[in-house]
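The values are calculated or read from the model by the stated rules, or taken from the named source; none is laboratory data. Being a predicted model, the structure only gives us computed values, none of them experimental. Methodologically, a virtual Cβ is constructed for each residue, glycine included, from the backbone with ideal geometry; neighbour enumeration extends over all protein chains shown. Keep in mind that these areas ignore ligands, DNA and RNA; they rest on the heavy atoms of the full protein, side chains included. Shrake-Rupley method; radii C 1.70, N 1.55, O 1.52, S 1.80 Å.
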Amino acid sequence: MTSRIKPTVSIAFAGALLISACGGSSPAAEVAAQPCGSGEVVSGRPLQIVSTVAPITSIIANVVGGSGAVVNGLVPEGTNSHTFEPPPSAAKVLEESDVVFINGLVLEEPTKDLAEANIASGAEVCEIATGILPEGEWIYDFSFPKDGGKPNPHLWTNPPMVKEYAQVVRDTLVKRNPENAETFNTNFAAFAAKVDEIDAAMQLATETIPAADRKLLTYHDAYAYFARHYNWTVVGAIQPSSFEEPTPKEIAELITQVKVEKVKAVFGSEVFPSPVLEQIGKETNAKYIDVLRDDDLPGEPGDPEHSWMGLMRFNFVTMVEALGGDASALKALDVNDVVKDSAVYPQ
Ligand SMILES: [Zn+2]
């Protein structure tokens, strides 16, 4: 059997989503969470898993491929996951789930609230990133200021942390569905090896960029933990914490900063198109690149690159080449999921 990852939010629903500033979100540690894997054992039927953003759904797919588990990604690709509100129809999917994996670090509070209100007894919500990163190591920065109460949640752009995500998924599922433990363990080992490969390739590619040019100015603030790991500097992020456009004053300050820091390229995003980037590019000598994909997997469902690995390779190659480096080690990577037929993703 193969794992099937099916969309649960139709395009029509996605169009009707409310965008909210998440004013009613609850603090991270309001309820003492049970450790992941504390739900009831499931046997004799496929495990029902719910996930949120596509890169995390892909990481889970790599661990469960071939076990028969069903994985439902709730956040449609190309959607702003930071303001995502699950549609009412998600309640039923959550009700039927055994495990709801969310990133945590206060990224998906509306989905977490709906999950906690609807999951059956014996099911569980597992906050992956919150479990692997001690609060003292949370990064608050440009679009995620400390007084906003939401740390930068993007651990999944940093390969070593992704290995930890996969480990949490593996450990949780081995406890919840022991009859498939061997599959989860084998898949984890294969996926961890691939994550090590992209990490090594990114280290090599970094070496080819002059040290003074390893600077990131992105629209969406998604590379804080990546930058700390590869010793790059995030000089800023254009998107304000409100996810609105920056003010003219903020844009003027960014233009000054790009000139002073001699930033070579400014990176925008397909998920968050913005005319601001072009303006900054025009008024400085920086290249502007508007193709970073954030949570939007490249290609179509079933394509090899429609995966976490494919997404990271695309974004890393784009950044390395724009900064004058050699991305050939990254380009040589095989980005297929470890179990080939698990690559069916939400639209
Ligand atoms: Zn994001």
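At a glance:
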| read-out | value |
| --- | --- |
| Mean Cβ count within 10 Å, highest first, over the residues of peptides 319-328, 100-109 | 100-109, 319-328 |
| Spatially proximal aspartates and glutamates relative to LYS264 (Cα-Cα < 16 Å; intrachain offsets below 8 disregarded) | ASP213, GLU278, GLU283, ASP290, GLU321, ASP326 |
| nm² value of the averaged projected area, convex hull over the Cα atoms of the stretch 94-240 | 10.2 |
| For peptides 82-89, 168-175, sequence by mean Cβ density within 10 Å, most packed first | 168-175, 82-89 |
| Most fluctuating residue given options GLU305, GLU116, GLU261, as computed from a GNM of the chain linking Cα atoms under 10 Å | GLU261 |
| Shape box of the chain [Cα atoms, principal axes, largest first, Å] | 62, 44, 39 |
| Relative contact order for the chain, counting Cα pairs under 8 Å that sit 6 or more residues apart, in percent | 21 |
| Extreme residue, positive dipole direction of the chain, given options ALA286, PRO88, THR57 (C-beta unit charges) | ALA286 |
| Cα lying deepest toward the dipole's positive end in the chain, options LEU105, VAL266, PRO134, charges on Cβ | VAL266 |
| Spin-label pair VAL260/ARG228, simplified geometry with 7 Å Cα→Cβ offset, distance in nm | 2.4 |
| Exceeding the 26 Å Cα-Cα cut-off - candidates LYS146/LYS215; LYS150/LYS331; LYS150/LYS262 | LYS150/LYS331; LYS150/LYS262 |
| Average accessible area per residue (Å²) across the chain - probe 1.4 Å, nucleic acids and ligands excluded | 41 |
| Solvent-accessible area, 1.4 Å probe, carbon plus sulfur percent, for the chain | 54 |
| Computed [θ] at 222 nm, helices only, for the chain once each DSSP H run of length n ≥ 4 contributes -39500 (n - 2.57) | -11500 deg cm²/dmol |
| By average C-beta atoms within 10 angstrom, highest first, the peptides 61-67, 142-148 | 61-67, 142-148 |
| At least 20 Å along the helix axis (C-alpha) and Kyte average at least -0.5, DSSP helices within the chain | 159-176, 181-207, 308-322 |
| Translational diffusion of the stretch 241-347, µm² s⁻¹ [Kirkwood Rh, Cα pairs; Stokes-Einstein; 20 °C; 1.002 mPa s] | 138 |
| Nitroxide proxy distance, nm - points 7 Å out along Cα→Cβ at THR83 and SER43 | 4.8 |
| Magnitude of the charge dipole, the stretch 200-331, Cβ model with Lys/Arg +1 and Asp/Glu -1, debye to 20 | 600 |
| Electrostatic dipole magnitude of the chain [Cβ: Lys, Arg +1; Asp, Glu -1; Cα centre; debye, to 20] | 420 |
| Sequence-distant residues sharing a close amide H with VAL100 (under 5 Å, placed H) | VAL50, GLU124, VAL125, CYS126 |
| Euclidean distance between Cα centres, the stretch 223-251 to the stretch 54-101, Å | 27 |
| Karplus-derived 3J(HN,Hα), 6.51/-1.76/1.60, for each residue of the stretch 153-158, Hz, glycine and proline x | x, 7, 6, 6, 8, 10 |
